[in-house]
Amino acid sequence: MFALTEHQGDRRVRMRRVTLQKAADKLQRPQYTPQEKECLVTYVEVNGHPAWTLWDSGSTTTGITPQFAHVNAIRVHELTEPLMLQLGTVGSRAVVQFGAEVK
């Protein structure tokens, strides 16, 4: 298993080997009620347009989809330094190459 490390201001990404300590006994996956699985979502206004928004307390960035930008005629700009986007799933990486200034 590998872990990804990115340091602030350093554009290099480092991979390091990690080892997990496995317990002898097995654990059943937790079961949740539909109420416990509800997401925090609200409408917010982006450049005067309503946007259905999913809140993620662990996120380190804010983003809109290319489709939202297109439909609402939001001008995008190429970033001088692309941003690596690492999701919580192994192998789910992307590079954000465009940004927008919105109100």
Hey, Gln67 polar (S, T, N, Q) and assigned to a loop (DSSP other than H, G, I, E, B) or not: no
message: Which of the numbered conditions does Thr65 fail, given that it passes all the others? Conditions: (1) touching a residue at least 12 places away in the same chain (Cβ under 8 Å); (2) open to solvent by less than 100 Å² (accessible area, probe 1.4 Å).
response: (1)
field: Residues that are more than 17 Å from Lys103 (Cα to Cα) and open to solvent by less than 60 Å² (accessible area, probe 1.4 Å), drawn from segment 38-57
entry: Val41
task: Please work out if Gln21 is out of contact with any Gly (no Cβ under 7 Å at 6 or more places or on another chain), of a type outside the set (Gly, Ala, Ser) and modelled with pLDDT of 90 or more.
output: no
- request: May I ask you to list the residues in segment 14-42 that are out of contact with any strand residue (DSSP E or B) (no Cβ under 6 Å at 6 or more places or on another chain) and hydroxyl-bearing (Ser, Thr, Tyr)?
  value: Thr19, Tyr32, Thr33
- prompt: Can you pull out the residues in segment 68-82 that are open to solvent by 70 Å² or more (accessible area, probe 1.4 Å) and among the β-branched types (Val, Ile, Thr)?
  reply: Val71, Val76, Thr80
message: Cβ-Cβ distance below 8 Å, separation of 6 or more or different chains: which pairs start in segment 87-99 with a residue that is free of Cβ contacts under 8 Å to residues at least 40 places away in the same chain and under 24 Å from His70 (Cα atoms) and end on one that is polar (S, T, N, Q) and in a loop (DSSP other than H, G, I, E, B)?
response: Val96/Thr61
- prompt: If Leu85 satisfies every condition in (1) of a type in the set (A, V, I, L, M, F, W, C); (2) at pLDDT below 90; (3) loosely packed, with under 13 Cβ neighbours inside 10 Å but one, which is the exception?
  reply: (3)
- request: Would you mind finding the one in Val90, Val96 that is in a loop (DSSP other than H, G, I, E, B) and surrounded by 10 or more Cβ atoms within 10 Å (Cβ to Cβ)?
  value: Val90
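The values are calculated or read from the model by the stated rules, or taken from the named source; none is laboratory data. All values reported here derive from a predicted model rather than from experimental measurement. So basically every Cβ, Gly included, is an ideal-geometry build from the backbone, and we count neighbours across all protein chains shown. The area values use the complete protein model at the heavy-atom level, side chains included, leaving out ligands, DNA and RNA. Shrake-Rupley method; radii C 1.70, N 1.55, O 1.52, S 1.80 Å.
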